[in-house]
Amino acid sequence: MTAVSKLSGGQSYVAGEHSFLAGLRPQEAVAAPMSDVIDLLRVRYGDRVDLAVSPDAIDPEVLPASLPDAIRSPRAAEPDTAWMRRTNMVGINVRTVGDYAGVVRYALTLPAASDSIHLLPIWEPGVVDSLYGMASWNLNREFFSDDWQAVHPQLDTVAKQLRAMSNLLHVMGKAVGMDVIPHTDRFSEMALGMPDLFEWMRLDGGRIVDHADALHVDVERLVHAWAVEQGSAAGEGRVPGDPATLFEMAEVDRLQLLFGEPGDVPGRTRRRVALVKQLKQAGYEPVPATMGVPFRGIDVDPGTGVMDEHGLSWLEYVMTRPQFMSRVFSPLARFKLYGRINDNADWEIDFSAPRRHVWEYVCDHYGDAQRVGAFDFMRGDMSHVQMRPDGVPDRLDEHYDILGAVKSHIRRGVPWFGYFAESFLPARDVFGYGEELDHLDASLVDATLGDLQSTVVGSAEFLRRFRRYLDDLATRRCAPSFTVGTGDKDDPRFDEFYRAGTEARWFTALFLPDMPSYVGNGFEIRDVHSEPVENERYTKLFVFREHGPSNVYPSKARVGDHYVWGENDPLFATITALRLYAEEVIPMIAQTRTRWLVPPDATARRGTAVWTQSGPSPSHVFAVNYDLESGSGYFGIPALSTGVVLESDFSTRGEVAATDRRLMSNGFFHRIANLAPGEGRAYRVVDGV
């Protein structure tokens with residue numbers, strides 16, 4: 001049996017009839033032997049597949065711009081980042097698909113309309129193995145695929161497999177994005193090996209007793225003394241005789257001296273834990289990251305403290321003057337990007353004094369990551385953080401926002417490199433000071449996640465946000481997304497958002513060509529959870545690796561190591577039918593602008609919305625009933641020419657009633673008799689003459 005016949009949808013895929021393996025469930029895709037996957041891709045794409053995994057193409061030191069056109073990014077010809085305003089993005093937590101080979105496997109189930117893939121963080125994780133708590137700049141070795149190396153022996157490092165994955169996704173027509181994170185694990189190799197890059201504090205008796213601006217100098221002395229006592233981990237050479245010489249060493253040499261070879265993860269971890277113990281015994285810790293106004297001013301949360309497997313005690317922290325969204329992320333530390341006022345006596349940041357070497361450090365490392373992974377865009381983590389009490393200043397420079405600086409740095413050589421923001425467009429002064437879109441525009445954001453995913457379809461809040469996003473889309477540089485679902489919201493607290501209305505979300509996201517969209521992997525087959533289920537069924541819980549009820553974060557603990565995909569076959573069948581229909585329609589509307597005929601009702605008195613394309617000859621009309629409890633009843637579609645007829649072409653409910661299959665104008669509007677609760681329906685515009 002050939003690879004083509006083994007995989008559902010293989011025949012139509014290799015024949016070019018479909019852009020994806022229609023009907024292949026994601027759990028079946030990620031379980032397929034990599035040899036079959038590669039054979040299938042060869043039949044579809046020919047020599048480009050072997051070129052994508054050739055030694056030169058997978059060399060992380062080779063600039064992606066020098067790769068042959070046949071395997072370069074599908075966005076390589078773009079002059080700027082405007083494409084991000086129209087992209088349909090899929091977020092993939094690599095842990096849920098296993099490894100980089102799993103990303104390629106899963107991508108076979110994604111149609112051409114899903115034209116960009118965002119990878120959750122790819123670096124070695126720290127505390128509770130959180131992907132967002134980077135322990136080092138080394139790539140996460142758990143994403144290495146033995147199965148793929150067996151097929152292609154030259155893929156013998158995780159960096160080569162990352163590059164090969166990106167090359168193949170590019171061949172498949174997908175742009176690929178990385179997470180850019182402005183913080184690390186609080187005791188990362190970056191923090192321990194470069195204390196100057198972070199803010200530090202000293203504790204005594206469970207209290208913060210010092211957080212002076214230059215406290216990192218004391219930490220450097222302690223790190224040096226520890227290194228002298230322990231000896232070099234590099235196996236040869238001596239530890240420099242003074243802290244200044246140690247911290248003037250090249251970073252790669254210093255980290256090797258302190259912790260050991262990059263490939264020796266257990267050895268490096270032991271050294272790092274030993275150094276952490278030394279610092280904590282002296283009371284020194286990096287200041288934890290915060291979110292939400294007022295950002296600054298923390299204290300120990302009384303009564304907290306847990307012991308980890310290394311015998312280290314960990315306290316929790318709280319804001320001293322908390323407001324609505326104030327949060328302290330105790331496991332994380334933010335890069336220290338600015339100086340401090342009055343020796344940090346009052347936790348005040350001097351935004352007029354950027355610490356340029358820190359900015360350069362962050363930009364250079366993410367620039368290196370872009371080269372290794374041949375990435376086309378970044379997803380900025382915690383993009384909503386705006387810590388200036390006066391909001392966006394009236395004069396901006398290159399040190400306004402670190403995420404925007406990373407984008408600008410990479411764009412010097414990759415002009416199409418875009419920026420997708422993790423921000424939720426709340427009311428003023430909720431996550432940061434001032435209006436969030438002002439901050440996003442000033443930060444050079446192209447598109448942002450928004451927060452439709454944390455509302456129930458058809459609710460007053462859903463309709464209000466949707467309408468506001470359309471207004472913002474028309475007036476701002478940063479484009480809000482129509483987000484279907486995210487890994488960030490895929491945990492038991494948010495089950496109510498996905499019990500109904502999923503088909504309406506997908507329909508809208510696909511057929512609004514001038515609005516970006518986002519969906520996390522697995523939402524096409526996600527089960528309906530009337531009650532919380534085991535953590536293995538939530539992608540959010542694969543950001544961490546907590547096991548057992550007695551650990552630090554028991555609500556995040558899992559018993560098994562493998563993500564359990566949904567079994568919602570009716571939903572998957574509907575989404576598959578929708579994707580196949582979109583294959584026919586999207587090429588006709590992809591470059592159009594939307595013309596609203598019945599816009600979403602911000603007052604929530606009406607649950608319907610209808611749109612078409614601007615211009616004299618629109619091809620389709622799309623209608624949705626976001627009310628999940630009641631049919632729409634009859635309503636009119638105004639502003640269409642009386643000379644056109646609307647012929648039903650697709651419905652998320654399948655059959656369309658005879659009264660609604662062919663809509664004629666009554667001289668005032670085209671009349672729809674009824675849309676079922678949550679139904680999305682498409683009509684072809686035909687000449688009625």
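The values are calculated or read from the model by the stated rules, or taken from the named source; none is laboratory data. Fair warning: this is a prediction, and the values are worked out from it, not measured in the lab. Positions of Cβ are backbone-derived with ideal geometry, glycine not excepted, and every protein chain shown enters the neighbour counts. We work out accessible area using only protein heavy atoms, side chains counted, and drop any ligands, DNA or RNA first. Shrake-Rupley method; radii C 1.70, N 1.55, O 1.52, S 1.80 Å.
Dividing the summed -39500 (n - 2.57) terms of all DSSP H runs of n ≥ 4 by the residue count of the chain sets its mean residue ellipticity at 222 nm at -8500 deg cm²/dmol. For region 477-486, 3J(HN,Hα) computed residue by residue from phi via the Karplus equation (6.51, -1.76, 1.60; θ = phi - 60°) reads 5, 7, 9, x, 9, 8, 8, 7, x, 9 Hz, glycine and proline entered as x. Along the axis of the charge dipole computed for the chain (Cβ charges of +1 for Lys and Arg, -1 for Asp and Glu, origin at the Cα centre), the listed residues Gly206, His399, Ser313 are led at the positive end by His399.
Can you give me the C-alpha center-to-center distance between region 98-124 and region 297-375, rounded to a whole angstrom? Comparing the Cα centres of region 98-124 and region 297-375, I get a distance of 30 Å. Using the Cβ-Cβ distance between Lys6 and Asn674 with R0 = 56 Å, the FRET efficiency computed as 1/(1 + (r/R0)^6) comes to roughly 0.80. Under 5 Å between amide hydrogens, built in the peptide plane, is the criterion, and for Asp649 it picks out Ala682, Tyr683, Arg684 among residues at least 5 positions away or on other chains. The mean sequence distance of close C-alpha pairs (under 8 Å, at least 6 residues apart), as a share of the length of region 520-660, puts its relative contact order at 15 percent.
With contacts taken as Cα pairs under 8 Å and at least 6 residues apart, the chain reaches a relative contact order of 12 percent.
Dipole of region 303-411 computed with +1 at Lys/Arg Cβ and -1 at Asp/Glu Cβ about the Cα centre; of Ala374, Gln323, Ala345, farthest Cα towards the positive end is Ala374.
Of the accessible area of the chain, computed with a 1.4 Å probe over protein heavy atoms only, carbon and sulfur atoms account for 50 percent.
Return the FRET efficiency for the residue pair Thr592, Ala244: r is the Cβ-Cβ distance, R0 is 56 Å, and the value is rounded to the nearest 0.05. After rounding to 0.05, the efficiency reads 0.35.
For region 78-92, 3J(HN,Hα) computed residue by residue from phi via the Karplus equation (6.51, -1.76, 1.60; θ = phi - 60°) reads 5, x, 7, 9, 4, 4, 5, 6, 10, 6, 10, 9, 10, x, 10 Hz, glycine and proline entered as x.
Amide H contacts of Gly418: Phe377, Met378, each under 5 Å away and 5 or more positions distant or on a separate chain (H built 1.01 Å from N in the peptide plane; Pro and chain starts excluded). Does anyone have the angle between helix 402-411 and the longest principal axis of the chain? Alpha-carbon axes, 0 to 90°, nearest 10? Here the helix axis deviates by roughly 70 degrees. Each part gets one Cα centre, and for region 191-221 versus region 669-687 those centres are 63 Å apart. Mind checking the angle between helix 158-171 and the chain's longest principal axis? C-alpha axes, 0 to 90 degrees, to the nearest 10. Computed tilt is about 20 degrees.
Calculated on the Cα set of region 373-444, radius of gyration then Dmax: 12.5, 38 Å.
Using only side-chain charges placed at the Cβ, +1 for Lys and Arg and -1 for Asp and Glu, the dipole size of region 41-88 relative to its Cα centre rounds to 400 debye. What whole-number distance in Å separates the alpha-carbon centres of region 233-250 and region 581-612? Cα centroid to Cα centroid, the span is 62 Å. For GluC sites (Glu not before Pro), the sites in region 169-248 that DSSP calls loop and that have at most 16 other Cβ atoms within 10 Å are Glu236, Glu248. Of the chymotrypsin sites (Phe, Trp or Tyr not before Pro) found in region 302-388, those in coil by DSSP whose Cβ has at most 14 other Cβ atoms within 10 Å are Phe324. Taking a ≥ b ≥ c as the square roots of the eigenvalues of the alpha carbon gyration tensor, region 149-263 is oblate, as a/c is not under 1.5 and a/b does not beat b/c. Take the alpha carbon gyration tensor of the chain, find the square roots of its eigenvalues, order them as a ≥ b ≥ c, and report rounded if a/c is under 1.5; if not, report prolate when a/b exceeds b/c, else oblate. The shape class here is prolate. Summary value for region 295-349: 30 percent relative contact order, contacts being C-alpha pairs under 8 angstrom separated by 6+ residues. Lysine pairs in the chain with Cα distance under 30 Å, only those 8 or more apart or on different chains: how many are there? Pairs that pass both the separation and distance tests number 21. Rounded to the nearest 20 debye, the dipole size of region 525-614 about its Cα centre is 520 debye, using +1 on the Cβ of Lys and Arg and -1 on the Cβ of Asp and Glu. Residues in the chain average 39 Å² of solvent-accessible surface per residue, probe 1.4 Å, ligands and nucleic acids excluded. Taking a ≥ b ≥ c as the square roots of the eigenvalues of the Cα gyration tensor, region 1-131 is rounded, since a/c falls below 1.5. Once the Cα-Cα distance is subtracted from the 0.36 nm per residue extended length, the Ser313 to Asp471 segment shows a gain of 51.9 nm. Annotation: amide H-H contacts under 5 Å for Gly91 (H modelled 1.01 Å from N, sequence separation of 5 or more, or interchain): His118, Val519, Gly520, Asn521.
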